[in-house]
Every structure is written in structure tokens, then in C-alpha cells.
Amino acid sequence: MENFEQLCQKRRSIRKYKSTPVEQEKIEYMLRCALMSPSAKRTCPWEFIVTRDEAKVRALQACKTYGSQMFDTATAAIIIALDPTLCHNTWMADGAIAAEHILLAAAEQGVGACWCHIHERGIETDGAEDREGAARFVRELFGIPEGYEVLCAIALGYPDEERKDYDPAKLKYEKIHNEKW
Ligand SMILES: Cc1cc2nc3c(=O)[nH]c(=O)nc-3n(C[C@H](O)[C@H](O)[C@H](O)COP(=O)(O)O)c2cc1C
């Protein structure tokens, strides 16, 4: 990989992982990258909870009805929680940027990763979703204090599936508007 565009091409969501654990140094590299992410007024509202404990990683599968199956094989996870009192209307943006730094740092190191959304997600029963459920589940599992918003849990592991790189020739260039919509 030679430049940032090639890293963006290569970063894909990976949801199936080999059992080989992700090295602690690689996770620390991702976390340093996350700690360098921009945040509104540099409030740094994020907290990163790291787990390499198999039981906890597997438990995350049950946090919501859809889209958490990657924790079936993930070997680690990083949960991003935020203090909304530091930045009431930007916490989600601040958390998302930190998450993207982690996803890109993982891809750069050959580690597969996938964002599992937690905020306002939960268990669906008879078509109704308990929209506080996933956050409550994750808060209890990791002892996250009340008042913190739980944005997402990033699954990590060495890829056990092939995803195609993005092809610059096939991007949605129609989304770009020059000077005027
Ligand atoms: C805000 C956000 C929430 C997401 N939530 C989930 C999720 O809960 N479960 C999941 O499997 N993937 C989730 N994803 C991953 C997307 O499905 C994925 O990024 C998208 O399909 C594009 O594929 P790519 O990441 O391979 O480019 C999420 C991504 C974002 C940015």
C-alpha cells in the first residue's frame, strides 16, 4: 500500500475472522490513532473500552437482533462511549471520526474490522425494537457509567473472508457537486 487513497480502497467491513488473536501492539497502534482524531473544541469526549476476552467478545453478539453476528468469530473489540455533556450536539460526530481512525488503522495493519452500531439499537420483539437495549447491554457488560452514550463496538480479527477493494473507476461520482448542486 503506497498512499492514503489505496488504504481507503482496501478498507472494507470484515465480519468473519480467523482464531489467531490480534496482537496487543496492533490494538495499541489503533488506539493511538483514535486518540489523535479531531473532536469539536478538542473536548475529546470519547472513552475506548478494549476487550480481548473471548467470553465478552462472544457476548456482544446478543446486544441486538441484527448486525452483531461478527462477534461470533471476532478476537477483540473496541467499544466507543462518549460523554455528551462535553459536547451535547457533536458527540456522535466525534465518536464516528475516532471509529474511522480505528477502522483505517486496522486495515493498514492487515486486521479486519467492522463497526457494530449500538446507539438506539436493540432487541426486536414482534416488530418493535427496544432502542435503549444494545447500549444498556454493553454498559452492563463493561461497567460503563450512566450518562455515557455508547456509539458502537468495533469488531477486530484477522480476516477469514475476501472483500474486494474499492475500484476508483466505480465510485459514485454523481454525489459530487461542483460550485452548485
Ligand atoms: C454508522 C455505521 C453503522 C454500522 N453498523 C453496522 C452494524 O451494526 N452491523 C454491521 O454488520 N455493519 C455495520 N456497519 C458497516 C456497514 O454496513 C458498511 O460500512 C457498509 O456496508 C459499507 O461496506 P464497507 O465498510 O465494506 O465499505 C456500519 C457502518 C457505519 C458507518
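Quick notes on this structure:
- Extended-chain gain in nm, criterion 0.36 nm per residue less alpha-carbon gap, T20 and N3: 3.4 nm
- Overall form of region 69-121: oblate. Here a/c, set by the Cα gyration tensor axes a ≥ b ≥ c, is 1.5 or more, and a/b is not larger than b/c.
- The chain: calculated mean residue ellipticity at 222 nm from DSSP helix runs of at least 4, using -39500 (n - 2.57): -9000 deg cm²/dmol
- Length released on extending from L86 to R163, taking residue separation times 0.36 nm less the Cα-Cα span: 23.9 nm
- Oblate is the label for region 108-157. Its Cα gyration tensor axes, ordered a ≥ b ≥ c, give a/c of at least 1.5 and b/c at or above a/b.
- In percent, rounded to a whole number, the relative contact order of region 97-153 is 29, using alpha-carbon pairs under 8 Å and six or more apart.
- Unsatisfied cross-links (Cα-Cα over 20 Å) in the set K18/K56; K16/K56; K41/K180; K64/K172; K10/K170: K41/K180; K64/K172
- Relative contact order (%) - the chain, alpha-carbon pairs under 8 angstrom, separation at least six: 33
- Considering only beta bridges that DSSP places wholly inside region 12-162, some 95 percent are antiparallel.
- Extent of the chain along its three principal axes (Cα atoms, max minus min coordinate, largest first): 44, 42, 38 Å.
None of the figures in this text is laboratory data; all of them are computed from the coordinates on show. Owing to the predicted nature of the structure, the values given are computational and were not obtained by experimental measurement.
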